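I have placed the structure first, in the form of structure tokens, so that the comments after it can refer back to it.
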Amino acid sequence: MHSPYNRGMTHDPSSAHIGTKVVHTGQRPDPSTGAVMPPISLATTYEQESPGVHKGLEYTRTHNPTRFALERMVAGLENSPLTEDDDLTGGGFAFASGLAAMATCLELMDAGSRIVAMDDIYGGSNRMLRRVRQRTQGLDVEFCDLSSLDRFAQAMTPVTKMVWVETPTNPTLKVADLSGISAIARKANPEAILVCDNTFATPINQTPLDHGFDIVLHSTTKYMGGHSDSLGGVLIASKPEHAETLRFLQNSLGAVMSPFEAYMTLRGIKTLDVRMARHNASAVEIARFLASHSQVERVVFPGLESHPHHEVVQKQMRGPGGMITFYLAGGLEESRRFLESLEIFALAESLGGVESLVEHPAIMTHASVPPEMRRELGISDNMIRLSVGVEDVRDLLADIEKGMAAAKGARAAAAASA
Ligand code: P1T
């Protein structure tokens, strides 16, 4: 007999390949009907036989079977060593958004704690640290280029309580050496909590817990959901004490993922492996095309040998991902013309969906990063970010070429009027 948590599985996929894990981890047919996908459990409360005597489910913020199915899945994909005896969902926690996951994770810190954070992170993550938590929680945040282990070794001190890494970073695609960071951090303060935002890589391409990290975060809005139709975030813990506190915080703060979003995200994850294979392969082709294009100043892509941290990429990542950042020859006018003239790539924020997206970080996703920090990071007017979708890559290349022709027109017009 299965409990209402659907605990236990007909088979244990933990030793299976990732392409099998994305379909089966933490799942089993619904015990009452045999349905192979979990029902979307919308009930907010559960009847009790007698006060405190129930089937393990009390109230949906605390217990939701659809959310639990997703939480078990992501914990398994990120190789959390926790079992369901250690934690109800094996260390997985789902939230209303990636930022809600981050906000909850930061509550692991006492007021006034010192944190070292990657300097290049999603604009909203930067804003939460600088403009919210420095004020309300007194967090002492040092932003540091964590792609340099020397710089990290200088920033990391015995009183540093948390290290916040994003790799590859958004939008400059820096890559941080996770094992190197973990070794340096443990030496300075074995208690420091190491967190990695793994949104860009996904567990298909990189599993930070295997490199000594404690907690992984995803905005599931991106590759995990994969279809630009659900907002969510997850945390995966690898230590029982962190899981215990996160379970308390998830329930106490209440920023949980809804059952519908949990269902949509779980549905998306089932094709994560096949989607990532296509994202990885098409992005390599597009990055190479851009690297040899006369109108491109520079391409940053983890899969190119020219990437400044290519050795770390080879050591730590199983694939380069579908994100490409490049610098167009020219300035804002060329960028505008390029962005406006693409037809398949939609000009939109976000990333990781089946459809290709393009955006201008300086004006769009990273507008909340202070201008001087943007300058230091190289988030300039001619920087373009691509999220390569799963369309036929030949059509994507043709679309980019069309954009390049339009950008060239902008250059010629500017030269003629000068
Ligand atoms: O949007 P939300 O689900 O709250 O996730 C925030 C977030 C966290 N971490 C990374 C690496 C992210 O890229 C994001 C969201 N990013 C975008 C919306 C974007 O276009 O870059």
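The values are calculated or read from the model by the stated rules, or taken from the named source; none is laboratory data. All of these numbers come straight from a predicted model, not from anything done at the bench. Glycine also receives a Cβ, built like all others from the backbone with ideal geometry; neighbour counts cover every protein chain displayed. Remember, those area values only see protein heavy atoms, side chains included, never the ligands or the DNA or RNA. Shrake-Rupley method; radii C 1.70, N 1.55, O 1.52, S 1.80 Å.
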Test set (1) away from the ligand (no atom under 13 Å from the Cβ); (2) open to solvent by 10 Å² or more (accessible area, probe 1.4 Å); (3) over 16 Å from Thr160 (Cα atoms) - Arg186 fails condition number: (3)
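How about the stretch 243-268: which of its residues are among the small types (Gly, Ala, Ser) and over 14 Å from Arg61 (Cβ atoms)?
Ala243, Gly268 - these are the residues of the stretch 243-268 that are among the small types (Gly, Ala, Ser) and over 14 Å from Arg61 (Cβ atoms).
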Specify the residue that is surrounded by the fewest Cβ atoms within 10 Å (Cβ to Cβ); the eligible residues are those in the stretch 174-183 that are of a type outside the set (S, T, N, Q) and part of a helix (DSSP H, G or I). Ala183
Report yes if some residue within the stretch 154-165 is of a type outside the set (S, T, N, Q) and assigned to a helix (DSSP H, G or I); otherwise report no. yes
Subset of the stretch 197-254, residues open to solvent by 30 Å² or more (accessible area, probe 1.4 Å), in contact with a Ser or Thr (Cβ under 6 Å, 6 or more places away or on another chain) and within 14 Å of the ligand (Cβ to nearest atom), comes to Lys222, Leu231
Residues within the stretch 145-155 that are away from the ligand (no atom under 16 Å from the Cβ) and either open to solvent by 10 Å² or more (accessible area, probe 1.4 Å) or touching a residue at least 60 places away in the same chain (Cβ under 8 Å) (or both), tallied: 7
Starting from the stretch 212-224, take each residue that is farther than 23 Å from Asp177 by Cα and list its partners that are away from the ligand (no atom under 14 Å from the Cβ) and part of a strand (DSSP E or B), counting only C-beta distances under 8 angstrom and pairs at least six apart or across chains. none
Inside the stretch 164-183, the number of residues satisfying the requirement of being away from the ligand (no atom under 16 Å from the Cβ) and not polar (S, T, N, Q) is 4
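Please go through the stretch 378-398 and pick out each residue that is closer than 20 Å to Gly331 by Cα and buried (at least 21 other Cβ atoms within 10 Å of the Cβ).
Listed by number, the residues that qualify are Ile379, Asn382, Met383, Ile384, Arg385, Leu386.
This table checks each residue for (1) at pLDDT below 95; (2) farther than 24 Å from Val22 by Cα; (3) surrounded by fewer than 20 Cβ atoms within 10 Å (Cβ to Cβ); (4) away from the ligand (no atom under 16 Å from the Cβ).
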site: Gln48; (1), (2), (3), (4): no, yes, yes, yes
site: Pro51; (1), (2), (3), (4): no, yes, yes, yes
site: Lys55; (1), (2), (3), (4): yes, yes, yes, yes
site: Thr60; (1), (2), (3), (4): no, yes, yes, yes
site: Phe68; (1), (2), (3), (4): no, no, no, yes
site: Glu78; (1), (2), (3), (4): no, no, no, no
site: Pro81; (1), (2), (3), (4): no, no, yes, yes
site: Gly90; (1), (2), (3), (4): no, no, no, yes
site: Phe95; (1), (2), (3), (4): no, no, no, no
For residues that are within 12 Å of the ligand (Cβ to nearest atom) and over 20 Å from Ala406 (Cα atoms), scanning just the stretch 334-360, find the one that is most open to solvent (accessible area, probe 1.4 Å). Glu349
Screening Asp120, Asp85 for residues that are free of Cβ contacts under 8 Å to residues at least 12 places away in the same chain and either outside the structural domain of Glu349 (by TED's automatic domain parsing) or more than 16 Å from the ligand (Cβ to nearest atom) (or both) leaves only Asp85
When you check Asp399 against the structure, is it without any contact (Cβ under 8 Å) to a residue 40 or more places away in the chain, over 22 Å from Pro302 (Cβ atoms) and over 23 Å from the mean Cα position of the chain (by Cα), yes or no? no
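Quick one: is Val388 among the β-branched types (Val, Ile, Thr) and either in contact (Cβ under 8 Å) with a residue 60 or more places away in the chain or within 14 Å of Pro171 (Cβ to Cβ) (or both)? Don't jump to the end; show me each part of the working.
On the way: among the β-branched types (Val, Ile, Thr): yes; either in contact (Cβ under 8 Å) with a residue 60 or more places away in the chain or within 14 Å of Pro171 (Cβ to Cβ) (or both): yes.
Taking the combined requirement at face value, the residue satisfies it.
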Which condition number in (1) outside the structural domain of Pro208 (by TED's automatic domain parsing); (2) part of a helix (DSSP H, G or I) is the one that Gly303 fails? (2)
Based on what the data block shows, is Leu194 outside the structural domain of His307 (by TED's automatic domain parsing), of a type outside the set (S, T, N, Q) and either within 11 Å of the ligand (Cβ to nearest atom) or assigned to a strand (DSSP E or B) (or both)? yes
Residue check: is Val74 surrounded by 17 or more Cβ atoms within 10 Å (Cβ to Cβ) and out of contact with any Lys or Arg (no Cβ under 7 Å at 6 or more places or on another chain)? yes
Looking for something under 30 Å from Pro65 (Cα atoms) and open to solvent by 10 Å² or more (accessible area, probe 1.4 Å) - is there at least one such residue anywhere in the stretch 118-140? no
Looking at Leu99, is it open to solvent by 10 Å² or more (accessible area, probe 1.4 Å), in contact with a Phe, Trp or Tyr (Cβ under 9 Å, 6 or more places away or on another chain) and in a helix (DSSP H, G or I)? yes
